[in-house]
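Okay, structure first, notes after.
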Amino acid sequence: MSRLAVFAYGSLVSPASAAQTLARPVRRAIPARLEGWRRGWTQGRDNARAEKGFARASDGSALSWCLGLDLRPETAAPAPNGALIELDEAELERLALREIRYDPVEVTDAVSPTFEGRVIAFSAKPQHHHPRAPAGAVIIAAYLRAVETAFAELEPGGLDEFRQTTGRPPVEVVEAVLVRDEIPPGNPREW
């Protein structure tokens, strides 16, 4: 049986977040880079139609769009940092339920260091990829905190590298509360 890993580049870098989806402790994530890809705040979730809905914590007003991280091929881009998490096919299926706005893409040849097996990353489906943020889009503060904490703990300099290879959030970052929950098991409810 061939080895399998996912290249995590956002909230999945957090061992606690990954464990929530994989239903097991994640103790050994391998710091890695993905050559020929760009990470950005270009995945959009329509808050009115998604499996989870959020409102501003400050006044209860509904959010229109929530942005998340995405990967896109771009040869000249600085290689985003992330983590390799080894998993099996059943865990990959659970991960696909979490990443419902993303398609799995094989990136084995782009990963550094080399992984002896197959490496998958998740890239936003075309209808969820937004090179320009939709009007009213925000980033949920809990998501940004989870991502930044994960990179700070991944390796020395990990958070600085994340920021350098991702750029600043292009929209307002807001505290939010969950107001509608049709979330599949293993999918974070905080963002």
Original post:
Quick one: helix 141-154 against the long Cα principal axis of the chain, what's the angle to the nearest 10°, folded into 0 to 90?
Top reply: 20 degrees
Original post:
When the helix-only estimate is applied to the chain (DSSP H runs of n ≥ 4, each -39,500 (n - 2.57), divided by the residue count), what is the mean residue ellipticity at 222 nm, nearest 500 deg cm²/dmol?
Top reply: -6500 deg cm²/dmol
Subject >> In range of the label at Val171: residues from the stretch 32-49 whose backbone nitrogen is under 13 Å from the point 7 Å along Cα→Cβ >> reply: 41-49
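What relative contact order, as a whole-number percentage, does the stretch 4-181 give when Cα pairs under 8 Å and 6 or more residues apart are counted? Display every interim value, and only then the final one.
Numbers: 366 pairs, mean separation 60.1, N = 178.
Across the stretch 4-181, relative contact order equals 34 percent.
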Original post:
Residue farthest toward the positive end of the dipole of the chain, with Cβ of Lys/Arg at +1 and Asp/Glu at -1: which of Ile139, Leu92, Leu34?
Top reply: Ile139
Original post:
Which values of log₁₀ I(q)/I(0), to two decimal places, follow from the Debye formula for the stretch 4-181 at q = 0.09, 0.18 Å⁻¹ with a uniform point scatterer at every Cα?
Top reply: -0.29, -1.23
Subject >> Computed label-point distance, nm, for sites Arg180 and Ala57 using a 7 Å Cα→Cβ extension >> reply: 2.2 nm
Original post:
Can you give the net charge of the other residues whose Cβ lies under 14 Å from the Cβ of Ala77, counting K and R as +1 and D and E as -1?
Top reply: 0
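Please give the net charge around Glu182, taking every other residue with its beta carbon less than 12 angstrom from that of Glu182, where Lys and Arg add +1 and Asp and Glu add -1. Each step should come with its number before you reach the end.
Values: positive: Arg49, Lys52, Arg180, Arg189; negative: Glu51, Asp181.
So the environment of Glu182 carries a net charge of +2.
Normalising by the residue count of the stretch 92-191, find the relative contact order in percent from Cα pairs under 8 Å and 6+ residues apart.
On the way: 88 pairs, mean separation 26.4, N = 100.
Answer for the stretch 92-191 is 26 percent.
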Subject >> Solvent-free Debye scattering, log10 I(q)/I(0), computed from the Cα coordinates of the stretch 80-191 at q = 0.14, 0.15, 0.17 Å⁻¹ >> reply: -0.75, -0.87, -1.15
Original post:
Between the helical axis of 89-98 and the dominant principal axis of the chain, each derived from Cα atoms, what acute angle in degrees is found, rounded to the nearest 10?
Top reply: 20 degrees
Subject >> 5 angstrom amide H check on Leu87, placed H, neighbours 5+ away >> reply: Leu4, Ala5, Val6
**OP:** Starting with the highest mean, order 76-84, 165-173 by the number of other Cβ atoms within 10 Å, averaged over the residues of each peptide.
**Re:** 76-84, 165-173
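None of the figures in this text is laboratory data; all of them are computed from the coordinates on show. Computed from a predicted model, the values in this text were never measured in an experiment. Don't worry about glycine lacking a Cβ; one is built from the backbone with ideal geometry, like all the others, and counts go over all protein chains shown.
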